[in-house]
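Heads up, the thing below is written out as structure tokens.
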Amino acid sequence: MFKKSMYIIMGSLVIISMLLTACGTKTAENQIIIGVTDQIASLDPADAYSTHDWELIRNTGRTLLRWNPGTGDLVADMATGMPVISDDGLTYTFTMKDDIKFADGLKLTAPMFAGQLNRLLTIGPSCPNDVADTLAIPYVESITAPDDTTIVFQLKSAVAYFPQLVATAPYTPAHPDTFLASECVLFPTAPFYGVGSWFVSQFTQNEQLVLEPNKHYTGDLKPQADKIIIRYFSDPQTMALAVQNGEIDVAWRFLGPQLITELESTDGLTVGTVDGGAIRFLVFNHDMPPMDDPNVLKAIASSVDRDAISDSVYSGTVNPLYSPNPPGFMGATEVFDTMYQAPNLEAAKAFLADSGYDETNKCVLDLWYPPEHYGAETSAWMEIIKQQLEATGVFTVNLTAQEWSTYVPALTGGNSYQGGVLGWFFDYPDASNYLDPFVYNGGMGTDVALAADGSTFGVAINDKAQLLLDLLSAADVETDMAKREALYVQAQEVYADLVVTLPLFFQAEHITYRSNIRGSSDFGSPETLNIGGNVEFTYSMLTKEP
Amino acid sequence: MTPSKTAQATLPENLVRMENVTKHFPVQSGFLAMLLNRGHIPAVHAADEISFNIRRGEVFGLAGESGSGKSTVGRLVLRLHNPTSGHVIFDGIDLNLLDDEEMRRMRSRMQLVFQDPLASLNPRMTIGQAILHPVTIHMGELSKVEQQQRVLNILSAVGMNPPESFFNLFPHQISGGQRQRIVLARALVTNPELIVADEPIAMADVSVRSLLLELMMNLKKEFDLTYLFITHDLATAKYICNRIGIMYLGKLMEMGDLREVYSRPLHPYTQALLAAVPVPDPEKRRTQELPKGEIPNPIDPPSGCRFHPRCTIARKICAREEPVMRELLPHHTVACHFADQFK
Amino acid sequence: MPAKPLFSIRDLDVEYHTRGGDVRAVESVSFDIRRGEILGLVGESACGKSTMGKALMRLHRKPARITNGQLLFDGRDLMTLTEDEMRFVRGGEIGMVFQDPMTSLNPVQKIIEHLTETIHAHEPNTTNEEAHRRAGELAEKLGIRSERLNEYPHQMSGGMRQRVMISLALALRAKLVIADEPTTSLDVIVEANFLDLLRELRHEFDLTILLITHNIGVVAEICDRVAVMYAAHLVEIGDVRKIFTNPKHPYTRGLLRSVPNIDLDDKDLYKMEGAPPSLLDPPSGCRFHPRCPDRMKICSRKNPVLQKVGSDSQVACWLYSKEGKA
Amino acid sequence: MSPLAIIFTIIGIPSLVLLIYILIRGSTGLRRYILTRIGLTLPMVFILGSLVFFIMHILPGDPVSSALGPKGTPEMVERIRENLGLNKPLIAQYGDFLKNMITLDFGNSLVGGHRPIIDEMSERFPATLELVIPASILALFIGVIGGTYAAARRKTARDYSLRLYSVIIYSLPIFWFGLMLQLLFGVVLKWLPISGRIDPVIGTSLEHVTNLYFIDALISGNWSALASVIIHLVLPTFTLGLILSGVFVRMTRINVIETLQADYIAAARARGIREHIVVYRHALKNAMIPVITLIGLQVAILLAGAVLTETIFSWPGMGSYLVLRISSRDYTAVQSVITMFALLVAVISLAVDIIYSLLDPRVRY
């Protein structure tokens, strides 16, 4: 009796699941599902400050200038052309196109836009993610709209890369009915509308977000698909499996080197590699012994073998980095390579000997790292660095893993650490964004220029640091690109001599997609679905073959 | 004579005196239960106003059905339970007045022997270890060799010969009768004066039982012991007890010399108990009617005389008024309103 | 010639397989249970009497097994029945009452459910009302008030529970009731009441009872005949009066003399030396010979078989055989 | 009405009715016991919540700087801490926390979008329920039937294979087991989806009322959504349910074996009761009494298992939320989830105790 009923139950379970499978896998043809492991923290342009949030804002919105998909060239988008810049470099005047409409049909005028941008300046700092304090308030004095198509930015000081800033997500017009002037609206109720190619038609936190085409869009990034669905994963492994069995069409950030290698060999999947701008480096507290000794820093720079890290931990999926600026950015030269020719243990020993360290009087270093935040591989390559440093026979290295939530406050909050690991990804693709943050005003714990009241960039700890400050601040305002490049070349040499930070490698971004998904051949890099070096993913490019 | 903490100069005649000892076990305990019951905690009336003496060198029997409270009284004598009220006086010393350390020392003078020898022996301890254990606790002044010798002596005293051959055995390796001897040996090893034996032979087979009884009597002589013998078996009690008390539902019903009580039971309950004991003689089958029903719930005992609901001669007064213990015949007391007719 | 016996047990062997080796808990036991009698089966603990009680209904569980013997019940050999046929014998023709009424009733089942379930198990066509009615009638006869049938076992006293056990055995008018130590867990007065009840029921239901007990007093009180077991062997069987006045087997003799007696004239208990042997390694020959006051040479060599002595008694002892006397 | 409120209404009202029924019909002892238990649950949750509060605050790390990363300047960190009330003295924060607990307002998350926790729970709690309920049913089903079957056929090949099953399945790491199921049924056979609660495309057509997608699909008559929900439930349910079933098989088996040795089983056999009735009615019912208590104790294991299962299957429930928020030191979120879990455990153990007292007539409170 028991056996029979058991078989019946089991049998019917199998049959039911087969039937359900049959009717469960009907997917409409031109709907593209993109998987990510990110989480949405905010969709308010005046607040959002994470890569994924920006990606959504940029796909649902437009900026005056934008980077072209695939290449990253700066071109006009809402603006009719490049801005008119006043001679003192403090006033930028844009002329807007007059056919810009929100997806619900509301027309965007320059005063409306200026009002929403002023919202960024006024309520931005009180929003939780506070993008304004980094990308707007330090630069912009005021934003005005003298007429319906003109918008004028008055800057606090001349900034050569202001056009780059204007192309970032915070400078996206936000719908005045959704994003109220008095408060930040992090999670608007779907549907909500921007002026971009898409609008958010449905949104379930942590589960999925649905984008539908903006019928009023007149730009040249017209949606090709009927729907884009962003699906949120909590585990990269699951996302990898999901793209393998076709539950999602595209697996975007982040899969990690191991999964990428696995997927590269899977039939029916294409893995595109983007030489993105995410870099990893060691930071040092220049205000704390022994890191206040230039010889120690130079010895470290001479000891680290970047190829070993790339090969043994990442099986070659990352590229060694020898400059503070990744290749392709202004003034990028492999300055650390020419200067230290690492690994060069003899040179390292010589530097240390100059400061009185030898095999009997060893130099003890404490290096910290977060075990998860930059991927589980971090501990492996920190161990390699430790071995490399100790191979000199003069260094003793203590590694400490610290959880991200304790690591960050320790790193940025005063003299409690000697050195550690950081990662960086640009907000806007300009050389200044890779150099200034590590030098100015404490420089994220490097302390080469100590933050002090009344000084714009901080007080340099020595002459070389002062020189670096001067070069960088000159480059910030230099509008002649050849001169600007020369300043950066020089600045990087001083940077490497000081070893402000020690660049290790830059990480490629990977996009994995099923073979019936295509990018656009009208723009660059169709093989990575038109994702270029600035890692901008423009959903409008995507098409799906039946 | 007021109870005092120090022993009298002359040995008191009674080794144990129970003076109105009462023990109630709360059914629920704890702060919360008290709150919920507004201070009224239902309790099991395990022993109520029990008074008796055990004379030095006698065997005092305590008999009754299960649930009569006889085992509780045994534990009260040893102060394994603290009485709710009343005094337990051992050798002239009120046990209630002793602190923990004094009580611990007193423990070596009184021992308990349980019903189930297997359950009261640690299965992972050898027989030698089991008996040695109380010696190391109470006789620390002896050397290791002396302690060992004492254990061997006591083993042979309980008839485990040769003692060395049993020393390293585990309880499961010997027979049930032998285990009961070990339990006796363990109780005797500290040289006690009083043994409270709680149904010591109930688990033993008939053929082993008589041997154990004889052993107990021999040990009593040899070690100058006094026994409190707790049993439900009136037939066995006959062979060992000098005096006996009959308990019913936490109350002492009748007490006196054993032969006196057996030959002239004054309480209807004692009469019923004696009549109910099956006699091993097919020619003497019982014809007498016995009370019906069973022993009631000790949480809520009947009013008046606790036996009245089952009693064949009960009248109205029995439900109303609780009879007091009175000495109806010399050395023979009874708690019954109508016992005079059986004199 | 007496009427044909209700139950004839012939050459019954029951074995246990244990880690220490095979143990014969019952060895070559043969006896009859006569219609209408109360047969007492006595012996000390672990002599095999309870094992045999279960084996008679083929209720023994692994690792015990019947290795030999016939169980002729009312003309049929129970050993030849299938398990399903056997199921109808259990409860239907032979009822059983266990030692501990507390644990022998399902704690989560009401009394009435025990009764109706038993009726339905044997007579699946009985309606629910009919089963309830019969259960009620039966209970009344046993002195259980009908409203108590809706109670759970734990709500009843030990004596009541034992009555329920009896009523379950009688629910289908079993011809034979095997009662395994039915009064051991009861107090004396309740025990006496229970024995009175058994006596009444025996006449009312025309019952045959096999009473397994270690309490000699109970046997004397109620049994017609008595069988004595020692170390897996049946050593003596016969009329209860005859055996109590004139026990033949030295073990029986010793056993009866060691029983405590409430009679004040009886002063001292007989002390039988030694203890029953382990069945793992039983003595050779007669198993009682190491403790026997009358042992002879042959006793340690050869096991005596049960043989007739007198008109209605059988004993297994060399004292009563020509071979032994020789 | 928020989905959370709806769910509590769906579950709460019938249980409340049942509870009131039991309170009216039950014995005084039972009534008093239940009231006492409920009375004790509140301080228990309170103590647990306070413990979590202090442990979270004693742990090094800070939600604000960890969210801002290295870009956050000290001034920004300080300002945000002030906005969130994190710069107040600990005792004042504790006061706020207590106030929130009493008003059942969980407050706002401290990281990311600073959403009200109640919103996050509204999405996450139903997801966890939708996973945990069928998984428990599956585990119980396999456990009870398998355990009884093994016990009834003790020391046979079938018993040994069931025991082997329970040992193996219990010792399997849940993430590995889940991954294997995903690979086999998702990637290789392509029978079953491996992530999420519903097909993304079909999901766009589902109206969210309770956020229990099964119920939502049912009440809106959206059959394709219902099918998709069920099919998405299969792998996570089997992962969690099978892993749990190992313990249940063992527990049931041991208890049934123990019960089968009880005197009343022998007595039932002696009355000629059919063997399968003896096993399934007499033995199983009695064996289930201790098993049910043990199952009550497994709630914690269940929730721990749910944490892992949710992560593997990208199931947006409370478990994966907890993991995420502990690492970012989101005090309020962690406190709320733990409080929720504690309530859940308390309610389930109360339910188990009530069921226990109903099943076993001997239980007297």
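The values are calculated or read from the model by the stated rules, or taken from the named source; none is laboratory data. These numbers were taken from a predicted model, which means no experiment stands behind them. Note: ideal-geometry Cβ built from the backbone for every residue, glycine included; neighbour counts use all protein chains shown.
Determine whether C:H289 is farther than 27 Å from B:A276 by Cα, buried (at least 21 other Cβ atoms within 10 Å of the Cβ) and without any contact (Cβ under 8 Å) to a residue 60 or more places away in the chain. Considered against the rule, which asks whether it is farther than 27 Å from B:A276 by Cα, buried (at least 21 other Cβ atoms within 10 Å of the Cβ) and without any contact (Cβ under 8 Å) to a residue 60 or more places away in the chain, C:H289 comes out as yes.
For the range D:216-237, the set of residues classified as surrounded by fewer than 20 Cβ atoms within 10 Å (Cβ to Cβ) and more than 8 Å from every other protein chain (Cβ to nearest Cβ) consists of D:L218, D:I219, D:S220, D:G221, D:N222, D:W223, listed by residue number.
Scanning the range A:162-193 for residues that are touching a Lys or Arg at 6+ places or on another chain (Cβ under 8 Å) and part of a loop (DSSP other than H, G, I, E, B), we see that the one that is farthest from D:E120 (Cα to Cα) is A:A167.
Does C:R133 qualify as being of a type outside the set (S, T, Y), more than 24 Å from C:G36 (Cβ to Cβ) and loosely packed, with under 15 Cβ neighbours inside 10 Å?
Details: of a type outside the set (S, T, Y): yes; more than 24 Å from C:G36 (Cβ to Cβ): yes; loosely packed, with under 15 Cβ neighbours inside 10 Å: yes.
Here the answer is yes, as C:R133 does meet what is asked.
Listed by position, the helices (runs of 4 or more DSSP H) inside the range A:222-319 whose residues that are among the β-branched types (V, I, T) and either within 26 Å of the chain's Cα centre (by Cα) or closer than 14 Å to A:Q507 by Cα (or both) number at least 2 are A:236-244, A:256-264, A:306-314. In the set (1) surrounded by fewer than 17 Cβ atoms within 10 Å (Cβ to Cβ); (2) part of a loop (DSSP other than H, G, I, E, B), the condition left unmet by A:D130 is number (1). Would you pick out the residues in the range C:171-217 that are facing chain B (nearest Cβ under 8 Å), out of contact with any Leu (no Cβ under 7 Å at 6 or more places or on another chain) and aliphatic (A, V, I, L, M)? Passing the criteria: C:V190, C:L195. For C:E15, the criteria (1) buried (at least 18 other Cβ atoms within 10 Å of the Cβ); (2) acidic (D, E); (3) over 30 Å from C:K242 (Cβ atoms); (4) within 12 Å of another protein chain (Cβ to nearest Cβ) hold in every case but one, which is (4). When B:E283, B:E294 are checked against the criterion of being modelled with pLDDT under 85 and within 9 Å of chain C (Cβ to nearest Cβ), a single residue qualifies: B:E294. Against the condition within 28 Å of the chain's Cα centre (by Cα) and in contact (Cβ under 8 Å) with a residue 40 or more places away in the chain, how does A:P370 come out, does it pass? Yes: the conditions hold for A:P370. If the condition is being surrounded by fewer than 17 Cβ atoms within 10 Å (Cβ to Cβ) and either in contact (Cβ under 8 Å) with a residue 40 or more places away in the chain or assigned to a loop (DSSP other than H, G, I, E, B) (or both), then the range B:138-173 contributes B:M139, B:G140, B:E141, B:L142, B:S143, B:N161, B:P162, B:N168, B:L169, B:F170, B:H172. Residue check: D:F106 meets all listed conditions (1) away from every other protein chain (no Cβ under 12 Å); (2) surrounded by 14 or more Cβ atoms within 10 Å (Cβ to Cβ); (3) in a helix (DSSP H, G or I); (4) not small (G, A, S) but one, namely (3). The residue that is farthest from the other protein chains (Cβ to nearest Cβ), among those in the range A:406-462 that are part of a loop (DSSP other than H, G, I, E, B), closer than 24 Å to A:A48 by Cβ and acidic (D, E), is A:D430.
I'd like to know if the range C:144-152 contains one or more residues that are assigned to a helix (DSSP H, G or I), of a type outside the set (K, R) and at the interface with another protein chain (Cβ under 10 Å from one of its Cβ atoms). Even if it seems obvious, please write down each step before you answer.
Kept after step one, since they are assigned to a helix (DSSP H, G or I), are these residues of the range C:144-152: C:146-150.
Still in the running and of a type outside the set (K, R): C:146-147, C:149-150.
Those left that are additionally at the interface with another protein chain (Cβ under 10 Å from one of its Cβ atoms): none.
No: zero hits.
Scanning the range D:283-322 for residues that are more than 18 Å from D:V249 (Cα to Cα) and either crowded, with 22+ Cβ neighbours inside 10 Å or within 11 Å of chain A (Cβ to nearest Cβ) (or both) yields a total of 17. Taking the criterion of being under 23 Å from A:G458 (Cα atoms) and either without any contact (Cβ under 8 Å) to a residue 40 or more places away in the chain or basic (K, R) (or both), the residues of the range A:469-490 that qualify are A:L469, A:D470, A:L471, A:S473, A:A474, A:R484, A:Q490.
Filtered by the rule that a residue be under 15 Å from A:I85 (Cα atoms) and not in a strand (DSSP E or B), the range A:136-161 gives A:Y139, A:K156, A:S157, A:A158, A:V159, A:A160, A:Y161. For the range D:133-147, the condition of being out of contact with any His (no Cβ under 9 Å at 6 or more places or on another chain), at the interface with another protein chain (Cβ under 9 Å from one of its Cβ atoms) and either surrounded by fewer than 23 Cβ atoms within 10 Å (Cβ to Cβ) or among the aromatic types (F, W, Y) (or both) holds for at least one residue.
Would you tally the residues in the range D:256-267 being crowded, with 16+ Cβ neighbours inside 10 Å and more than 7 Å from every other protein chain (Cβ to nearest Cβ)? Residues in the range D:256-267 being crowded, with 16+ Cβ neighbours inside 10 Å and more than 7 Å from every other protein chain (Cβ to nearest Cβ): 5 in total. Scanning the range C:21-70 for residues that are within 24 Å of C:G285 (Cα to Cα), within 14 Å of chain B (Cβ to nearest Cβ) and among the aliphatic types (A, V, I, L, M) turns up C:V42, C:A46. For the range C:71-111: of the residues being touching a helix residue (DSSP H, G or I) at 6+ places or on another chain (Cβ under 6 Å) and assigned to a strand (DSSP E or B), which is farthest from the other protein chains (Cβ to nearest Cβ)? The selected residue is C:L71. For the range A:497-517, check the following and say yes or no: at least one residue is surrounded by 17 or more Cβ atoms within 10 Å (Cβ to Cβ) and free of Cβ contacts under 8 Å to residues at least 40 places away in the same chain. No, every residue in the range A:497-517 fails to be surrounded by 17 or more Cβ atoms within 10 Å (Cβ to Cβ) and free of Cβ contacts under 8 Å to residues at least 40 places away in the same chain. For the range D:170-209, a tally of residues being within 30 Å of D:L226 (Cα to Cα) and in a helix (DSSP H, G or I) returns 19.
For the range C:52-70, the set of residues classified as over 21 Å from C:K175 (Cα atoms) and assigned to a helix (DSSP H, G or I) is empty. Listed by first and then second residue, the pairs linking a residue in the range D:90-101 that is assigned by TED's automatic domain parsing to the domain that holds D:D62 to a residue that is not polar (S, T, N, Q) and not in a helix (DSSP H, G or I), with Cβ atoms under 6 Å apart and 6 or more places separating them unless they lie on different chains, are D:N100/D:G107.
C:L176 falls short of the stated requirement of being surrounded by fewer than 24 Cβ atoms within 10 Å (Cβ to Cβ), touching a helix residue (DSSP H, G or I) at 6+ places or on another chain (Cβ under 7 Å) and over 27 Å from C:Y320 (Cα atoms).
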